[in-house]
Amino acid sequence: MSQAEHSRVNGQAWSHHAYEAWNRGYGPPQQAAAKIRENPEQVLRHFGKYLGSIQGKTVANLLGSHGRRAVALALLGAKVTVVDISAGNQRYATELAQAAGVQIEYIVSDVLNWSPGERAGSFDAVVMELGILHYFVDLAPLMQLVNHLLKSEGRLILHEFHPIITKCVPREGNQAALTGDYFSAEIIDHPVPYVGVFSKDEVSDFPSCRVRYWTLGEVVTSVASQGLFVEVLEERPHEELTHLPGTFVLVAKKTR
Ligand SMILES: C[S@@+](CC[C@H](N)C(=O)[O-])C[C@H]1O[C@@H](n2cnc3c(N)ncnc32)[C@H](O)[C@@H]1O
């Protein structure tokens, strides 16, 4: 499947009731913003330490979805640009930012069709978190964009689901048994992640996403092969299956 078709399918899935999903999941923007304002660092807890002082930094938050990370970053003083394919996400994120009293720039686009123009090479950081890489059938164009956006010494901060969990789903009831094929390159249908806030009847006509999961080796290679210097690869325990990795944080610096 081409990237254009992959993105078309996923754009359709993510445009279906996303605004309503976040209202149900996180509450109306006013309520959700008040919670983020209380403790923005908490929203960024998995990778915030790698950003250092956020005040005054320019951050591209690619596939930034509902805008919770972007708003937390903006509350801590960053100038944030979100790029995401879903207008429903944009609506929630924009109202969230307004309610939190901060400004974010939110661009609705397939990220690979977005051109940063004169802002190429101006970002201190590119942040991507949780549920990103499987929206790409080839990681090279995404990492090329990351490299293109960053200034010299700027950093990619990627916090993502660990391939052990996405590719070898632990079998329920037996924490030791993993299923699936770690090396599979298959593209599979997957429900849009927010189906859980709707009833079974409500989601019966929801379009599915299409996903392609990547091995850890493929992810690290895609970053390093763009000339980004990998500084950190932190594997973090799964929240329930603590003997398995749940997510990883990869930090890479643009050195030239
Ligand atoms: C699971 S969310 C990412 C999580 C989010 N960053 C967070 O902070 O929790 C995935 C996002 O990717 C977006 N998306 C999927 N394919 C895309 C593409 N090709 N270009 C831009 N956004 C895309 C979806 O609209 C969705 O908001």
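With R₀ set to 22 Å, the beta-carbon distance separating SER199 from GLN31 gives a calculated FRET efficiency near 0.50. With a Förster radius of 25 Å applied to the beta-carbon distance between SER109 and SER53, the computed FRET efficiency rounds to 0.25. Put simply, the convex hull of the Cα atoms in the stretch 1-129 casts, on average, a shadow of 7.9 nm². Once the Cβ-Cβ distance of HIS243 and HIS148 is raised to the sixth power relative to R0 = 51 Å, the FRET efficiency obtained is 0.85. Length available on full extension from PHE183 to ALA87: 0.36 nm per residue minus the Cα-Cα distance, which gives 31.2 nm.
Its Cα gyration tensor gives the stretch 136-237 an equivalent ellipsoid, and the semi-axes of that ellipsoid, as √(5λ) in whole Å with the largest first, are 30, 19, 13. Here each label is just a point 7 Å from Cα along the line to Cβ, and for THR221 and LYS79 those points are 3.8 nm apart.
Here the stretch 128-234 has 53 percent of its accessible surface on carbon and sulfur atoms, given a 1.4 Å probe and all protein chains in place.
Filter LYS49/LYS254; LYS35/LYS79; LYS167/LYS254; LYS35/LYS253; LYS57/LYS167; LYS79/LYS167 down to the pairs with a C-alpha to C-alpha distance above 25 Å, please. With Cα atoms farther than 25 Å apart: LYS167/LYS254; LYS35/LYS253; LYS57/LYS167; LYS79/LYS167. Residues whose amide H comes within less than 5 Å of that of LEU130, counting only those at least five positions distant or on another chain, are HIS159, GLU160, PHE161 (H built at 1.01 Å from N in the peptide plane). Label reach from GLU5 (point 7 Å along Cα→C-beta): in the stretch 119-136, amide nitrogens under 18 Å belong to 135-136. Where only DSSP H runs of four or more residues are counted, the chain gives -9000 deg cm²/dmol as its mean residue ellipticity at 222 nm, each run worth -39500 (n - 2.57). Using C-alpha pairs under 8 Å with a sequence gap of at least 6, the mean separation divided by the residue count of the stretch 18-103 gives a relative contact order of 37 percent.
Taken per residue, the accessible surface of the chain reaches 47 Å², heavy atoms only and a 1.4 Å probe. Averaging the Cα positions of each part gives two centres, and for the stretch 175-226 and the stretch 37-62 these lie 26 Å apart.
Taken over the stretch 61-163, the percentage of Cα pairs per 10 Å bin, counting from 0 up to the bin with the maximum distance, is 15, 49, 33, 3.
Net charge in the neighbourhood of SER225 (other residues with Cβ under 14 Å of its Cβ; Lys, Arg +1, Asp, Glu -1) is -1. Summarised as an ellipsoid, the chain has semi-axes of 25, 24, 19 Å, derived from the eigenvalues of the Cα gyration tensor scaled by 5 and square-rooted, with the largest first. Between amide H atoms placed 1.01 Å from N, distances below 5 Å from VAL232 occur with VAL251, all of them 5 or more places distant or on a separate chain. Computed packing ranks the peptides 9-16, 154-161 as 154-161, 9-16, most packed first, by mean other Cβ atoms within 10 Å. Listed values for the stretch 112-120 are Karplus-derived 3J(HN,Hα) couplings in whole Hz (6.51 cos²θ - 1.76 cosθ + 1.60, θ = phi - 60°), namely 7, 9, 8, 10, x, x, 6, 8, 4, and x replaces Gly and Pro. Neighbours of GLN3 by Cβ distance under 13 Å: Lys/Arg scored +1, Asp/Glu scored -1, total 0.
For GLY246, the residues whose modelled amide H falls within less than 5 Å of its own, excluding neighbours fewer than 5 places apart on the same chain, are ARG236, HIS238. Element breakdown for the stretch 2-126 at a 1.4 angstrom probe: carbon and sulfur atoms account for 47% of the accessible area.
The values are calculated or read from the model by the stated rules, or taken from the named source; none is laboratory data. Predicted, not measured: the structure shown is a model, and the values here were computed from it. Note: ideal-geometry Cβ built from the backbone for every residue, glycine included; neighbour counts use all protein chains shown. In case anyone asks, the SASA skips ligands and DNA or RNA and just uses the protein heavy atoms, side chains included. Shrake-Rupley method; radii C 1.70, N 1.55, O 1.52, S 1.80 Å.
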